[in-house]
Amino acid sequence: MVVGVEPGSGSVGVGDGVRGSTVRAPRSSGRSRQAQPRPAHTIPDPSSLTSPSSAARPGSLLVRGVRIPSGEHPNGGPLSDVLVAAGLIREIAPTGSVDRRLLAAPAPVDVIEGRGRLLLPGLIDAHVHGEAAVFDPDVQLAMLRQGITTIVVGQDGVGFAPTAPAGDAFAFSTEYFRAINGAHPSFRGGSVAELKETYAGLPLNVEVLAPHGTIRYAVTGAEARPATEAEVAAMVALLEQALDDGAVGMSTGLEYVPAAYADEAELVALARVCAARGVPHVSHMRGYEEKAGRAFAELVRIARASGVATHVSHYHGPADELAGYVDDARASGLDVTFDSYPYLRGSSILSMVTLPTWLPIAEPDRTVALLQDPAVRERLRTEHFPGLADLWARVTMANVPGELRWTEGTSLLDVAARLGLDPEDTALELLVSTRLQAGCVFAQPPTNSAGSVRALANHEAQLAGSDAIYAGGRPHPRGWGAFARFASEHVGAGDWSWADAAEHLSARAARRFGLAGRGTVRVGAVADLALVDPATVRDLATYEGPRTPAQGVDDVVVGGRHVLAGGALVDGRPTRPPTEQETA
């Protein structure tokens with residue numbers, strides 16, 4: 001699990017390569033015991049980057065007096081200095097040696113005093129609903145204070161692109177997932193490339209998945225049926241263009257509509273496109289907990305038929321069972337990884353948690369009208385709600401726009417008592433009054449124990465994803481604390497070294513999504529860096545006070561720019577990493 005280099009060693013850590021503007025490295029499984037394939041393009045020769053004349057240039061940055069975890073020194077090596085220029089790490093040397101040579105450099109060099117802190121590669125949130133929230137400085141602060149420098153959005157099969165400007169698919173994606181993804185402040189539909197342009201200049205990197213549900217809606221609308229061959233071909237074309245435009249994989253949300261209506265033939269056809277491009281199929285499975293076995297088996301069949309690398313979103317439940325599915329798949333030669341978060345409660349939209357897919361949930365106005373039909377309510381009460389008897393006590397409202405906003409932070413049972421309704425009618429009232437925009441936090445069933453959360457986090461195929469949702473007055477705290485909690489709890493308990501933490505929280509995601517040059521601290525890598533105080537790092541956000549930033553990460557560098565200093569956002573924009581041509 002090598003994640004750094006020792007001063008002057010020249011050895012290469014994980015995440016080898018520098019990502020250019022259009023070239024993507026081959027994907028890999030993230031198995032630390034296996035050699036990773038070499039990217040199609042290589043990093044510059046470090047020897048050409050370390051002389052004082054070439055290293056010290058306008059915009060240079062010196063991170064002085066840090067300890068870099070590595071295979072040889074898993075909890076931090078000797079004090080080192082790291083020189084950054086043009087967005088890349090140019091030199092790693094014993095502390096003080098870079099200083100002496102810079103004294104004669106004509107260009108000024110900014111300095112971050114490490115004071116013995118750990119230097120980790122910028123952390124990568126593999127599953128987050130930040131496509132709109134990332135424009136909020138408070139959310140940027142929440143991410144950076146955990147050391148997160150890259151987020152992957154377009155999750156669960158629903159996202160802003162590819163969509164026709166002002167088209168039905170964009171309207172569907174925005175309205176259906178407004179309580180999850182929020183509303184983009186400027187984008188009104190377009191290509192993945194155009195969506196990615198809106199994130200230029202933010203103090204974090206934003207990577208985008210091509211969302212299957214959005215693509216399907218653009219072709220079939222909300223119709224609850226299998227797609228025809230012609231419609232699948234149209235989806236394939238949209239997916240190919242999205243990948244050409246920079247999407248790092250395809251996401252499916254098989255418990256959400258309209259993806260829930262897709263059959264395996266459709267999913268295999270799309271997965272083959274991903275396999276041919278070397279990008280993963282990222283899936284919110286067709287069910288978790290008691291449905292996990294069948295749902296995982298479907299992903300295995302899709303992977304075998306298509307050859308696609310498979311990544312399971314927010315994997316949770318009994319660890320022995322779930323780990324067995326993953327181990328069996330990997331032992332058979334399939335490339336399977338998963339992400340998880342360190343909490344026993346989840347969060348989603350209330351409609352997904354409480355309504356059946358025979359309702360046209362992708363069409364909010366139509367569904368709201370049906371929910372007010374006595375015949376539909378009676379069918380729900382007789383056919384669907386009996387299966388949710390143990391759910392109501394586990395639900396707390398997180399985001400409730402409109403006249404029932406007072407319910408945010410209140411359990412559904414307490415809301416029911418205040419409204420004088422039973423839990424079923426309370427859920428329907430919340431859904432109708434918000435046009436299906438209500439969001440909730442819910443406790444997982446007892447099968448998802450603290451021991452299972454810990455065991456899954458220690459699995460060799462695990463990487464971290466917060467699954468953060470930032471909307472509402474009482475959101476889940478994972479957006480403010482998941483990565484800090486992972487680091488403090490797992491290193492503190494002895495499960496991980498700090499080198500392991502960098503592997504779980506950064507390097508594996510960099511490999512999974514082909515983010516070459518990220519996930520590592522070494523010469524030639526992209527300068528996305530987090531300075532971590534191992535004695536103080538921990539999450540502070542709670543369910544009662546979820547919007548509290550974590551502590552222990554006060555300085556972060558993104559693309560060579562100091563974007564978090566002293567725990568506060570720094571004005572100015574991060575420089576983009578140089579292209580392959582610029583570093584050749």
| message | How much length would be gained if the chain were fully extended between R301 and A331, taking 0.36 nm per residue of separation minus their Cα-Cα distance, in nm to one decimal? | response | 9.3 nm
| field | Accessible solvent surface per residue of region 147-289, calculated while the other protein chains remain in place, 1.4 angstrom probe, Å² | value | 28 Å²
| Antiparallel as a % of all DSSP beta bridges within the chain, to the nearest 5? | 55 percent
| request: Kindly give the semi-axes, whole Å and largest first, of the ellipsoid equivalent to region 322-438, taking each as the square root of 5 times a Cα gyration tensor eigenvalue. | output: 32, 18, 14
| field | Using a Förster distance of 25 Å, the FRET efficiency for A369-A183 (Cβ separation, nearest 0.05) | value | 0.60
| Residues with beta-carbon under 11 Å from that of A323, excluding A323: net charge, scoring Lys, Arg +1 and Asp, Glu -1? | -4
| message | Rolling a 1.4 Å sphere over the protein heavy atoms, what is the accessible area per residue of region 356-437, to the nearest Å²? | response | 46 Å²
| remark: A 1.4 Å probe over the protein heavy atoms gives the chain a carbon and sulfur accessible-area percentage of 52 percent
| said: Across region 251-374, what fraction of all alpha-carbon pairs, as a whole percent, falls in each successive 10 Å bin from zero upward? | reply: 12, 41, 31, 14, 3, 0
| field | Extension gain from A568 to E321, taking 0.36 nm per residue of separation minus the Cα-Cα distance | value | 84.7 nm
| message | For q values of 0.06, 0.09, 0.11 Å⁻¹, compute log₁₀ I(q)/I(0) with the Debye formula on a Cα-only model of the chain, without solvent. | response | -0.29, -0.65, -0.97
| Global form of region 217-319, assessed from the alpha-carbon gyration tensor, a/c cut-off 1.5 | oblate
| note | Diffing region 281-297: the Karplus 3J(HN,Hα) column from phi (6.51, -1.76, 1.60, θ = phi - 60°), in whole Hz with x for Gly and Pro, holds 8, 9, 10, 6, 5, 6, x, 10, 6, 5, 8, 4, x, 5, 5, 5, 4
| note | Going residue by residue through region 472-486, the Karplus relation 6.51 cos²θ - 1.76 cosθ + 1.60 with θ = phi - 60° gives ³J(HN,Hα) values, rounded to whole Hz and with x marking Gly or Pro, of x, x, 9, x, 5, x, 4, x, 9, x, 4, 6, 5, 5, 3
| task | Post the alpha-carbon centroid distance, region 496-510 to region 265-332, in whole angstrom. | result | 22 Å
| note | R454 and E240 label points (each 7 Å along its Cα→Cβ direction) are spaced in nm at 5.0 nm
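Which order do the peptides 222-232, 77-87 come out in when sorted by mean C-beta neighbours inside 10 angstrom, highest first? Display every interim value, and only then the final one.
Details: 222-232: 14.8, 77-87: 22.7.
Most protected by this proxy first, the peptides run 77-87, 222-232.
The values are calculated or read from the model by the stated rules, or taken from the named source; none is laboratory data. These figures come from a predicted structure and were not determined experimentally. Reconstructed Cβ throughout: ideal geometry from the backbone, glycine too, with neighbour counts over all protein chains shown. Side chains are part of the model used for accessible areas, which takes the heavy atoms of the whole protein and leaves out ligands, DNA and RNA. Shrake-Rupley method; radii C 1.70, N 1.55, O 1.52, S 1.80 Å.
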